[in-house]
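Before any comments, here is the structure.
The values are calculated or read from the model by the stated rules, or taken from the named source; none is laboratory data. Since this is a predicted model, take the numbers as computed values, not measurements. Cβ placement follows ideal geometry from the backbone for every residue including glycine, while neighbour counts extend to all protein chains displayed.
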Amino acid sequence: MYVPQRAHSTVARDIPAGCIVMARLAQALFALFCAICMALSCFARAEANEDLHVQGGDYVIHDFHFADGETLPEVRIHYRTLGTLQRDANGHATNVVLLLHDTISSGESFLTPLMKRELFVPGVPLDAQRYFIVMPDNLGHGGSSKPSDGLRARFPHYGYTDAG
């Protein structure tokens, strides 16, 4: 009858006990070292996160036409920004990033501590020291114009083409 052999031919009893203890100690120290490095990285990012200064504002669009033909005399689009706007010699913005989100939330969803740490601190994809990041609230959400502002059922019906 065939009995499969172990994948590793070295059996624990063939290794001196001191080596096994040292190997396990090395593994534990390496795991501790990795945990400390990760924690320090998080603390460094959290400290940088404190420096992020969010500014908000509203952009008002006059005589707004919805896709179905309805109009409102004005529509407010609320936005938040991070970073500093930079311009070239001709006055054109050179570092703007328009950060859009799904259509059922506001730009504030990007400003949780976790999202700030992962997206906006130095060295990450949308480094706020490098880019001027604009995060608008879509029509119907957050601080932008929406039915609950007063028009309620008289607010024009809007869809994806109107909201973004």
Residues within the range 62-80 that are within 30 Å of residue 127 (Cβ to Cβ) and not aromatic (Phe, Trp, Tyr), tallied: 4
Residue within the range 103-115 that is of a type in the set (Ser, Thr, Tyr) and modelled with pLDDT of 95 or more present: no
